[in-house]
1. Kindly indicate which of A:Val161, A:Val105 is in contact with a Ser or Thr (Cβ under 7 Å, 6 or more places away or on another chain) and crowded, with 20+ Cβ neighbours inside 10 Å.
2. Regarding B:Ala182, is this residue of a type in the set (A, V, I, L, M, F, W, C), within 16 Å of DNA strand D (Cβ to nearest atom), more than 14 Å from chain A (Cβ to nearest Cβ) and surrounded by fewer than 20 Cβ atoms within 10 Å (Cβ to Cβ)?
3. May I ask you to verify whether A:Ser163 is within 13 Å of chain B (Cβ to nearest Cβ), polar (S, T, N, Q) and either without any contact (Cβ under 8 Å) to a residue 60 or more places away in the chain or on the phi > 0 side of the Ramachandran plot (or both)?
4. So B:Tyr115 passes all but one of these: (1) more than 29 Å from A:Arg154 (Cβ to Cβ); (2) surrounded by fewer than 17 Cβ atoms within 10 Å (Cβ to Cβ); (3) not aliphatic (A, V, I, L, M). Which condition number does it fail?
5. Quick check on my filter: what residues within the stretch A:62-92 are in contact (Cβ under 8 Å) with a residue 12 or more places away in the chain, among the small types (Gly, Ala, Ser) and surrounded by fewer than 21 Cβ atoms within 10 Å (Cβ to Cβ)?
6. Considering each residue of the stretch B:106-143, count those that are within 14 Å of chain A (Cβ to nearest Cβ), in contact with a strand residue (DSSP E or B) (Cβ under 9 Å, 6 or more places away or on another chain) and small (Gly, Ala, Ser), and give that number.
7. Looking at (1) touching a helix residue (DSSP H, G or I) at 6+ places or on another chain (Cβ under 7 Å); (2) within 13 Å of another protein chain (Cβ to nearest Cβ), which is the one condition that is false for B:Met87?
Number of protein chains: 2
Amino acid sequence: MSVRQPSLLALPECANCPIRHRAVCARCEDDELKRLEEIKYYRSWQAGQTVVFVGDEMDFAATIVKGCATLTKYLEDGRTQMVGLMMPSDFIGRPGKPQAQFEVVAATDLMLCMYRRTPFEKLMQEIPHLSQRMLEMSLDELDAAREWMVLLGRKTAREKVASLLTSLFRRARLDAETEIRADLPLTREAMASYLGLTIETVSRQITGLRKDGLITLNGSRGIATPDFAALCRVAEKAA
Amino acid sequence: MSVRQPSLLALPECANCPIRHRAVCARCEDDELKRLEEIKYYRSWQAGQTVVFVGDEMDFAATIVKGCATLTKYLEDGRTQMVGLMMPSDFIGRPGKPQAQFEVVAATDLMLCMYRRTPFEKLMQEIPHLSQRMLEMSLDELDAAREWMVLLGRKTAREKVASLLTSLFRRARLDAETEIRADLPLTREAMASYLGLTIETVSRQITGLRKDGLITLNGSRGIATPDFAALCRVAEKAA
DNA sequence: CGATATCTTGAGGGCGATCAAACGAAGTGG
DNA sequence: CCACTTCGTTTGATCGCCCTCAAGATATCG
């Protein structure tokens, strides 16, 4: 892969932003949005590039505009565990702790709407609509993390893979209710990291699900399901 | 165990509260504290009693004053995974989602400082000190959940048990730096639920750590370590 | 002291990891 | 255009950690 510098882009208006109503700025009034607009800038990365390294001073907070980013933690001997899979409108950053606790990597081509840290934290103090939305989003992340813990701690390999696929299907069908296909934004390696498995086991389980007629493949990234409900049943949704 | 009704207790003053400076009310001014005091009440449970069942309408939020509570999620076939281990000053409740997503159980005898839900959510709107602290605590919970995900997804049984013990030691030495002993607030079953293991494996690993001289036991609940640093090394702390 | 949880220990098996190799797609250069 | 590399994926063979099932030991409490 050719390594290109992250590029700074022009500044579209917030009013036209595709994730305006779901991001951290969702509740902001027009005048509040203007203040955010003053400290924001856009930046893009190619799939595979690292956005933040562990321990880096994070001098920004950001919203994903396009693409998909992963948050990954490491053990000393190199074992890795993904701890966040962030999609458009999701927030990246940790007000109060500028040291990055995990690596942020662009899983696909990625565009972030970034806010300089200090001014952003100041705005959080001054704009309740901002901190309120921030709290909502943190609590949602926490709920997701807890669901994820059940997957990691108690589900079988097959259930894990089925759970990930259903979750990706759910996020992929952007208002296209009928579409039960998706292009995976993750490599097998990223899926393994998400699931607490090895690449080989992920591959075997995907093959198994295909042989059982629960999914169909189209290349290694394209995937679809003829029976979404059945796939959900395999995923053993929490009671 | 004799089942006794949870008891309602008298209302001590917030000013004398042992966890006043660490709980959700930590940043409140005196006048703000008074408003909280108006909607609060105390309630106690015995070890083993369930505080909230999955799906229950939670008409309160609460702070743990004394004791220890667990948050547990279930799969349909009965598999369980603990997703929260809450200690004094920790917050229990989910503003915005009154339906309980998990079961809350008193791991030890437990006392909660409880706030009625609707008035509490109103105060969160009106007292920035409250919602700000709430955000801080949620982000800390999220950090802890992500560390926990690494444990569940990638650590070996031995590392898992060592990690839990070091974490409990850390929380137990309440300003008593020199004390490297603790009474476990958890049964083997609760430990297994925390770690994504079976009771038997937990027991075997504890025996193993004892035989290796990393810990000493005193009954099944009392535990100490002659070399905390060594135990941490076994726990394979994340880089 | 007996009744009942809780915890420990043992034997055996299965699921997922590990090690290894083949396969396919995309890109490079002769 | 075709060898050749590179990288991601698939498939196979074997191993070992942890689960399962079972029994025994210990603690707790009436």
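1. Values: A:Val161 fails: in contact with a Ser or Thr (Cβ under 7 Å, 6 or more places away or on another chain).
That would be A:Val105, the only listed residue that is in contact with a Ser or Thr (Cβ under 7 Å, 6 or more places away or on another chain) and crowded, with 20+ Cβ neighbours inside 10 Å.
2. Details: of a type in the set (A, V, I, L, M, F, W, C): yes; within 16 Å of DNA strand D (Cβ to nearest atom): yes; more than 14 Å from chain A (Cβ to nearest Cβ): yes; surrounded by fewer than 20 Cβ atoms within 10 Å (Cβ to Cβ): yes.
Yes, satisfied.
3. On the way: within 13 Å of chain B (Cβ to nearest Cβ): yes; polar (S, T, N, Q): yes; either without any contact (Cβ under 8 Å) to a residue 60 or more places away in the chain or on the phi > 0 side of the Ramachandran plot (or both): no.
When the stated conditions are applied, A:Ser163 does not pass them.
4. It fails just one condition, (2).
5. A:Gly67, A:Ser89
6. Residues that pass the stated criteria total 1.
7. That leaves (2) as the condition not met.
Conditions tested, residue by residue: (1) assigned to a helix (DSSP H, G or I); (2) at pLDDT below 95.
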site: A:Phe120; (1), (2): yes, no
site: A:Ser138; (1), (2): yes, no
site: A:Arg146; (1), (2): yes, no
site: A:Leu151; (1), (2): yes, no
site: A:Arg158; (1), (2): yes, no
site: A:Ala162; (1), (2): yes, no
site: A:Arg170; (1), (2): yes, yes
site: A:Glu177; (1), (2): no, yes
site: A:Ala182; (1), (2): no, yes
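The values are calculated or read from the model by the stated rules, or taken from the named source; none is laboratory data. What you see is a predicted model, and the numbers here were worked out from it, not measured in a lab. Virtual Cβ from ideal backbone geometry, glycine too; neighbours counted across all protein chains shown.
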